[in-house]
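The values are calculated or read from the model by the stated rules, or taken from the named source; none is laboratory data. Keep in mind it's a predicted model, so treat the numbers as computed, not measured. Methodologically, a virtual Cβ is constructed for each residue, glycine included, from the backbone with ideal geometry; neighbour enumeration extends over all protein chains shown.
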Ligand code: G3I
């Protein structure tokens, strides 16, 4: 019997007898399995940060040793008004990390998306510069001793590798990227500093990303790592580009991380994670409401296995693999780019039960 079938049989029995928590705590642990290879992270939502469900907390603590806030440290939430910050949930996140021995990656200081609404009313360089400086100084400064790393700048590139047109580029010019790293380093000298993007394994965007990193390095600011988000599609994982990217980014002296890993199984007519791209609601785009067919489940498991094989091959360069959500029910992909779909992109199902993909990944270390 395969690893998956054995555990599945035990899990089903325990589910029927209502002792799922015990079962969840008896399955292998991702963080322990890969403890000599790289960190294993997850994105956390408000409910998880606030520990509203003790079984969920136990599950997270057993499986992961790193975490990224899915939303609560984004500027719209942490800095809602010009002179008002909201640190309530971010502080809880930091406490969660301390209490459970989970390293926190701050996400994210400078991003064109999820900006506070007051930014739309600003039309001069001085005020944008003041916002930029104050935001970094205040947020990075507050957590300087209790988070591990920051995604300093997020998604600053277009698909062709040129700089994305954002309020920061418009008012501050392209030097804003190196400046963000310099300011964060000043505010939080002991925290690791990363650039994070999606599709930056693709050749044109990767070339732009390398260029961006070299400019930060040439400015004298510190940059410790690069995050490849890893929002990919089942059966279409760009393995060759991923491997090439690991090698090229590491050659710049950077740590390489997979920071928002999920594998979409539903139909979509474009790649990437630009939250402004959407598709209309249509039942043909939501085919698996009754469950994931076996052939797709197998492909998902094969894709995850091959990905982790590649990560292990380059474990001297890859320092962290973070999933974008704990289980399929938490995933943002249930709501994007089409609202209200039933998606299956992660290793755990909606009840935190391990899927075949989980055992394929774990099996690599058996
Ligand atoms: O909190 C409000 C709630 O009060 C309101 O009722 C509801 C109505 O739509 O919206 C809620 O906010 C949503 C928020 O998630 C919290 O659930 C926003 O609409 C929604 O846009 C937001 O989506 C997040 C998205 O970033 C926004 O940019 C996703 O959860 C989050 O997973 C996603 O994460 C990004 C990374 O930060 C960067 N890389 C791409 C990745 C996926 O898009």
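Okay, here's what the table says:
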item: Residues located in segment 330-342, provided they are touching a strand residue (DSSP E or B) at 6+ places or on another chain (Cβ under 9 Å) and either surrounded by fewer than 21 Cβ atoms within 10 Å (Cβ to Cβ) or within 19 Å of residue 56 (Cα to Cα) (or both); result: 330, 331, 332
item: Residue within segment 203-211 that is modelled with pLDDT of 95 or more and within 16 Å of the ligand (Cβ to nearest atom) present; result: yes
item: Residues located in segment 42-51, provided they are within 15 Å of the ligand (Cβ to nearest atom), in a loop (DSSP other than H, G, I, E, B) and either over 10 Å from residue 71 (Cβ atoms) or more than 17 Å from the chain's Cα centre (by Cα) (or both); result: 50
item: Of all residues making up segment 266-290, the number that are surrounded by 11 or more Cβ atoms within 10 Å (Cβ to Cβ) and within 16 Å of the ligand (Cβ to nearest atom); result: 11
item: Leading residue by the ranking (farthest from residue 64 (Cα to Cα)) among those in segment 291-328 that are surrounded by 19 or more Cβ atoms within 10 Å (Cβ to Cβ) and without any contact (Cβ under 8 Å) to a residue 40 or more places away in the chain; result: 328
item: Among the candidates 34, 38, residue that is in the same structural domain as residue 355 (by TED's automatic domain parsing), buried (at least 21 other Cβ atoms within 10 Å of the Cβ), away from the ligand (no atom under 16 Å from the Cβ) and over 24 Å from residue 152 (Cβ atoms); result: 34
item: Set 141, 173, 97, 161: member being without any contact (Cβ under 8 Å) to a residue 40 or more places away in the chain and more than 16 Å from the ligand (Cβ to nearest atom); result: 173
item: Selection status of residue 64, over 17 Å from residue 98 (Cα atoms), surrounded by 22 or more Cβ atoms within 10 Å (Cβ to Cβ), modelled with pLDDT of 95 or more and under 16 Å from the mean Cα position of the chain (by Cα); result: no
item: Among residues of segment 77-91, those that are within 16 Å of the ligand (Cβ to nearest atom) and surrounded by fewer than 16 Cβ atoms within 10 Å (Cβ to Cβ), counted; result: 3
item: Check on residue 217, farther than 30 Å from residue 357 by Cβ and surrounded by fewer than 18 Cβ atoms within 10 Å (Cβ to Cβ); result: yes
item: Test result for residue 236, over 25 Å from residue 148 (Cβ atoms) and touching a strand residue (DSSP E or B) at 6+ places or on another chain (Cβ under 8 Å); result: no
item: Counted residues, segment 73-84 - those being part of a loop (DSSP other than H, G, I, E, B) and over 21 Å from residue 191 (Cα atoms); result: 3
item: Residue ID - farthest from residue 291 (Cα to Cα), chosen from residues in segment 303-329 that are in contact with a strand residue (DSSP E or B) (Cβ under 8 Å, 6 or more places away or on another chain) and part of a loop (DSSP other than H, G, I, E, B); result: 317
item: Residue under evaluation residue 258, criteria (1) out of contact with any strand residue (DSSP E or B) (no Cβ under 7 Å at 6 or more places or on another chain); (2) buried (at least 21 other Cβ atoms within 10 Å of the Cβ), criterion not met; result: (1)
